[in-house]
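The values are calculated or read from the model by the stated rules, or taken from the named source; none is laboratory data. Keep in mind that what you see is a predicted model, and the values were worked out from it rather than measured. So basically every Cβ, Gly included, is an ideal-geometry build from the backbone, and we count neighbours across all protein chains shown.
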Amino acid sequence: MRQPHQAATATLLPNGKVLVVGGFGQLDSAPELYDPASDTWSPTGPIVVTRSLGTATLLPSGKVLLAGGIAADTGHSTTRTELYDPATNSWSATAGMAVQRSSHSATLLPSGMVLVAGGQNASGYIASAELYDPASGRWTMAARMDAGYAGPYATLLANGMVLVAGGSTLGDGRGELYDPATNRWSNAGTAARNTQTATRLADGRVLTTGQGKEAHLYDPATNHWSVAASMLQDRDLPTATSLADGRVLVTGGSTSAGGQQVWLTSAEIYDPALNHWSPAGCMGQARWEHTATLLPSKRVLIAGGDLPSVSLSSVELFDPSAASSGQPVESCPTNQPIQAGAATPSPEVSPAVATPSVAPTASAVPTVQPVQLTAIRVGSLTVNRLTAIGIAGALALLVLAAAIYAWARWRRRGI
């Protein structure tokens, strides 16, 4: 990429390009577009508000709604939203939300409206939800959830309802269901509190993964959670991407080894038909807090992320159809171990949440399907960049960058 992007959003556009926005990288990280046809990156027009921990939602019109997040100009959660128009490659402000929020979820409903739920701000975890109407460009309040969630995972189900689960919460760990027809929330059963990914499967169930190896399945037909087969590798903050054949690719993240935190290159694939995980090769770069986007070619674009104190601009492609040795995940290289320090509390909210453990079930082991990860256009590893603004200005930027980075570390761990 042209610039590093850590914990950014990545949106597949109708024209086949991928829009990457925000995240922690450089203090002036700008949105950019990836064109799979030419394997090139290009800038978009100037964004209205540079932000991180916001959401990006593709609308039926082909525009992208960017909502909330931590605004770079204030350092706090914001109500501000804007629209990206691929036809003009430009951004424009739209009506703001009623509640300042970051680390929230955003889901496109069958009606074309967007449900934004949860998040956090200076007051703590947020239980409120809002609806954006693209036709009027306005927000209205939706019914409140039973509990506040920071970093929840929201999944549109086949029945048109929205499952919200995981993240950090002061509630009892239940998932919640939103029904757009009645504007009501209902109990979705007890979910794993440390859910970090949620992927809807072809059969309508939802696969979730969390810290460690555990994985769970939610069945909308029974409103019940069950334990899925354990992943092959302990993972903190990986990505999970639904492949064209119905399987799910999980890549990267970090793990603990001997009291030290290491960043992973390993990847693995979940097969819902077999309830089984298999190795998917090794990425060319260890990464954490990256994005993974399924392309029309059925390949997956893996972009950005970070290593300890270093944001990444490197990019690679995963090709499910390519031959691979299917080597064990344990044989994939990692970055050099970095001693894990104590998490830094958020300046906005820092409640402690206990995480229950769930014993996974075993599954049969079938033949590994060949897959391959191919590195492309590997960029530099770039620390937050300083311009020639003098010693005082440089020190101020370094302090700000360190504070933002430490806060992101805390929030993304789901404490």
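General remarks:
- Cβ-Cβ contacts under 6 Å between residues 6 or more apart (or on different chains), taken from a first residue in segment 154-177 that is under 16 Å from Thr222 (Cβ atoms) to a second residue that is assigned to a loop (DSSP other than H, G, I, E, B) and modelled with pLDDT under 95, are listed as Ala165/Ala191; Gly175/Ala191.
- The residues of segment 71-82 that are without any contact (Cβ under 8 Å) to a residue 60 or more places away in the chain and surrounded by 18 or more Cβ atoms within 10 Å (Cβ to Cβ), listed by number, are Ala71, Ala72, Thr78, Arg80, Thr81, Glu82.
- On inspection, Gly259 fails the criterion of being more than 17 Å from Ser230 (Cβ to Cβ) and buried (at least 21 other Cβ atoms within 10 Å of the Cβ).
- Any hit, segment 94-101, residues being under 13 Å from Val49 (Cα atoms), part of a strand (DSSP E or B) and among the hydroxyl-bearing types (Ser, Thr, Tyr): yes
- Checking segment 54-77 against the condition returns no match, with no residue being assigned to a loop (DSSP other than H, G, I, E, B), within 21 Å of the chain's Cα centre (by Cα), basic (Lys, Arg) and more than 22 Å from Thr293 (Cα to Cα).
- Listed by position, the strands (runs of 3 or more DSSP E) inside segment 238-315 whose residues that are at pLDDT below 95 number at least 2 are 254-257, 260-263, 276-282, 310-312.
- Flag if Pro14 is within 23 Å of Gly137 (Cβ to Cβ) and at pLDDT 95 or above: yes
- Within this structure, Ala158 passes the test of being part of a loop (DSSP other than H, G, I, E, B), of a type in the set (A, V, I, L, M), under 26 Å from Val250 (Cα atoms) and at pLDDT 95 or above.
- Residues in segment 179-224 that are among the hydrophobic types (A, V, I, L, M, F, W, C), assigned to a strand (DSSP E or B) and either closer than 17 Å to Arg247 by Cβ or at pLDDT 95 or above (or both): 6 in all.
One line per residue, one yes/no per condition, for (1) at pLDDT below 95; (2) buried (at least 24 other Cβ atoms within 10 Å of the Cβ); (3) over 17 Å from the mean Cα position of the chain (by Cα):
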{"site": "Ala129", "(1), (2), (3)": "no, yes, yes"}
{"site": "Gly137", "(1), (2), (3)": "no, no, yes"}
{"site": "Ala142", "(1), (2), (3)": "no, no, yes"}
{"site": "Ala147", "(1), (2), (3)": "yes, no, yes"}
{"site": "Leu177", "(1), (2), (3)": "no, no, yes"}
